[in-house]
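Just so it is clear, none of the values below were taken in a lab; they were calculated from the coordinates. Computed from a predicted structure; not experimentally measured. Quick reminder, even Gly has a Cβ in these numbers, built from the backbone with ideal geometry, and neighbours come from all protein chains shown.
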Amino acid sequence: MAPEPMLSLNKLLADADLLSYEFKLRNELKLRHAGDLAFTEERDLTDIGMSRPEQKRLRKEYEKHFPPDTFVGKLKKKVFRRSESTKRTETRDDDSEQHVIPVERITLCKELGKGEFGSVYQASWNSSSNSDPLQVTIRIINQSISKVPHSSRRMRLANLTLY
C-alpha cells in the first residue's frame, strides 16, 4: 500500500473516531493534513487534551496510511516520539565514562554566575602541551550536591555541553 501524502486530517480522525480533536489539531497545532502529524510530538497531543489510549488509536490509524517501512513511515516515528521531558534517560554507573578534566590543566578566568548547585566560570583548558589553551566553561559543584542521588547528579552533568 503506497503512502497517501495528502490524506485529509478529517478522514484520519474519523477513521480513528477522534473527530472531536480536529479543531484543536488544525488551530492549536496548525496541522493541514494527516501527513503533518509527522511534525508533532506526544507532548503536543497531550497538551491539547488527547489521552494516551486516544493517541494509541490515532497512531494505529496513522500507521495504516503511512506504514513504518516507507520513507514517510520512518518520519512517522517522529510523530509519536516522546518529548525530551518524558524520554527515558539512560545512565551508566561506570565512573570511567565521565569526562572530568584534571584540575592542574584548568585556569579559572572569571565567574560567570552562581546557582543552587555551584558556580560557573570562564576558564582556559590546557588540553596538551603542544596546543593553545581552549576557552571553556567550567561548573564547580558545591559539596552540598553530594546529598543529591548519584544518578541525578550524573544526569545534570551529562546535560553539560561544550560549544
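Observations
- Net charge contributed by nearby residues that have their C-beta within less than 14 Å of S128 (K/R +1, D/E -1): -1
- For L7, residues with placed amide H under 5 Å, excluding near neighbours: A34, G35
- Label-point gap, in nm, between K60 and S20 - each point 7 angstrom along Cα→Cβ: 1.8
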